[in-house]
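Right, one structure below, let's go through it.
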Amino acid sequence: MNEILIEGKNLRLRRANMADLNYIMTLQYTPENLKFIVPFDMNYHRENINSDGAEKMDVIVEEIATGNSVGYFMLRKMDSPSIEFTHVIISRKGQGYGREALKLLLKWTFELKDFHRVWIDCKDYNKIALHLYESLGFVREGFLREYLLTNGVYENLIVFGMLDSEYFNRQK
């Protein structure tokens, strides 16, 4: 079953299923993506896919015209008034898919699911993601110094958030 969450002009977001598992794992471990995320193992994604989706969910980004997968997100902490977006990975880069997919996800989050708050974190050297999040209205809420240890190097995270009121004010 391909439960569609929301559709836009070019893209649709749907719940991942077991047929998507290898795609998700490949995206995580592609070197250009891996440097910006902390990957989860296959068992974790199996749990996400097989869960009821109330607390966490893997989401596939698809082109409407072709049905081809072009990215994936992970959503967590969905059993509270807040939701976390993580693993924002787009495989077809440079085509505006990240922007469109995040706008759809924000619309789903605030307009359809009625969450109060969304948050996302980002490594401080991921300039493209930092720019994208701020351009969509995310607010820098924190700076976690040397938070992640990656290949023997401590890395900083920037935490962003958006409230429902901020989202709806931007829609006016």
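The values are calculated or read from the model by the stated rules, or taken from the named source; none is laboratory data. All figures in this text were calculated on a predicted structure; none of them were measured in a lab. Counting neighbours? That spans all protein chains shown, and the Cβs are built from the backbone with ideal geometry, glycine included.
Would you confirm, using the coordinates I've provided, whether residue 84 is in contact with a strand residue (DSSP E or B) (Cβ under 8 Å, 6 or more places away or on another chain), more than 27 Å from residue 53 (Cα to Cα), among the charged types (D, E, K, R) and part of a strand (DSSP E or B)? Criteria not met by residue 84.
Would you mind stating whether residue 33 is more than 27 Å from residue 150 (Cα to Cα), not β-branched (Val, Ile, Thr) and not in a strand (DSSP E or B)? The answer is no for residue 33. Cβ-Cβ distances below 6 Å connect the following pairs, each with a first residue in the range 90-110 that is closer than 14 Å to residue 164 by Cα, a second residue that is of a type in the set (Val, Ile, Thr), and a separation of six or more residues or different chains: 108/6; 109/83; 109/118.
Report, by residue number, each residue of the range 121-172 that is acidic (Asp, Glu), on the phi < 0 side of the Ramachandran plot and without any contact (Cβ under 8 Å) to a residue 24 or more places away in the chain. Result: 141, single match. If you go through the range 50-73 and keep only what is touching a Lys or Arg at 6+ places or on another chain (Cβ under 8 Å), of a type in the set (A, V, I, L, M) and either over 15 Å from residue 85 (Cβ atoms) or assigned to a loop (DSSP other than H, G, I, E, B) (or both), you end up with 64, 70.
The number of residues in the range 135-158 that are of a type in the set (D, E, K, R) and either touching a Gly at 6+ places or on another chain (Cβ under 6 Å) or surrounded by 13 or more Cβ atoms within 10 Å (Cβ to Cβ) (or both) comes to 3. Kindly indicate whether residue 99 is surrounded by fewer than 17 Cβ atoms within 10 Å (Cβ to Cβ), over 19 Å from residue 9 (Cα atoms) and touching a helix residue (DSSP H, G or I) at 6+ places or on another chain (Cβ under 8 Å). No; evaluated as a whole, the condition is false for this residue.
Can you find a residue that is among the hydrophobic types (A, V, I, L, M, F, W, C), in contact (Cβ under 8 Å) with a residue 24 or more places away in the chain and in contact with a Lys or Arg (Cβ under 6 Å, 6 or more places away or on another chain) anywhere in the range 10-33? No, the range 10-33 has no match at all. Of the helices (runs of 4 or more DSSP H) that lie entirely inside the range 91-172, those containing 1 or more residues that are farther than 30 Å from residue 22 by Cβ span 127-135, 164-171. Modelled with pLDDT of 95 or more, surrounded by 14 or more Cβ atoms within 10 Å (Cβ to Cβ) and either within 12 Å of the chain's Cα centre (by Cα) or over 24 Å from residue 115 (Cα atoms) (or both): does that describe residue 60? Answer is yes for this residue.
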